[in-house]
Amino acid sequence: MERSITKAQHRPQQLYVAYAKPDSHFRAQLALHLIPIERQGKIVFWHDCLILPGQDRTATIDKMIENADIILVLVSPDLIASDYVYESAVRRALERHEEGSAMVIPILLRPCLWLKTPLCQLQALPENGREIKCWADKDAAWLDVAKGIDNVVHELRVRSLRPRSKDKMAMPSCRSKSIWRKLPPTLMGQRQRS
């Protein structure tokens, strides 16, 4: 029994980050600030730049989204405008969050109308809800994000050691059954055609 608890405690949480290409520098800063948590063996951080030459991008990203314990969504106007990232990766991430099979954490990068998207149902980082771009001290903003992620990783590890009940309590779900379907099409990234 003790051996299985040890294995569960030491299994690193798989983190996937969904972001728009213009926000690559933010993704790099996030990775930099998560290195101490990664070195402790608590997380494995994955993003699309780790796709090897010759690999099918879409299939690899889909697989990583399906295997992730925590999905970080870097929120910006570019993410919301990206048909692929927003309509595919973010949609599937939110479905997994609602199922209780993954935790989705929005990370606010730049001011945008994110409160008009399904992500508005989720607690975002930085904790004060101020976008990273708006902080005078960017390192302090990223530290706040890294601490928030570390807290989630710790909580998921603690939950994995508790006996499972019949109720799905692994992940807090969004308030509505499907927040994605309840929004008007224009808020789901589908452009109205004239």
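The values are calculated or read from the model by the stated rules, or taken from the named source; none is laboratory data. Please read all numbers here as calculations on a predicted model, not as lab measurements. All Cβ positions, glycine included, derive from the backbone under ideal geometry; neighbour counts span all protein chains shown. Just so you know, the surface numbers come from the protein's heavy atoms only, side chains and all, with ligands and any DNA or RNA stripped out. Shrake-Rupley method; radii C 1.70, N 1.55, O 1.52, S 1.80 Å.
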Tell me, in nm to one decimal, what length is gained between Asp137 and Arg11 on full extension, where the rule is 0.36 nm per residue of separation less the Cα-Cα distance?
-> 42.0 nm
Rounded to the nearest 0.05, FRET efficiency between Gln123 and Asn67 (Cβ-Cβ, R0 25 Å) equals 0.60
Carbon plus sulfur fraction of accessible area for the stretch 46-130, probe 1.4 Å, in percent | 55 percent
How far, in nm, would the chain grow between Tyr84 and Val44 when pulled straight, counting 0.36 nm per residue and subtracting the alpha carbon separation?
-> 12.0 nm
Heads up, I need the accessible area for Lys116: 1.4 angstrom probe, whole protein in place, Å², nearest 10.
-> 120 Å²
Here the gain from full extension of Leu115 to Arg130, 0.36 nm per residue of separation minus their alpha-carbon distance, amounts to 4.1 nm
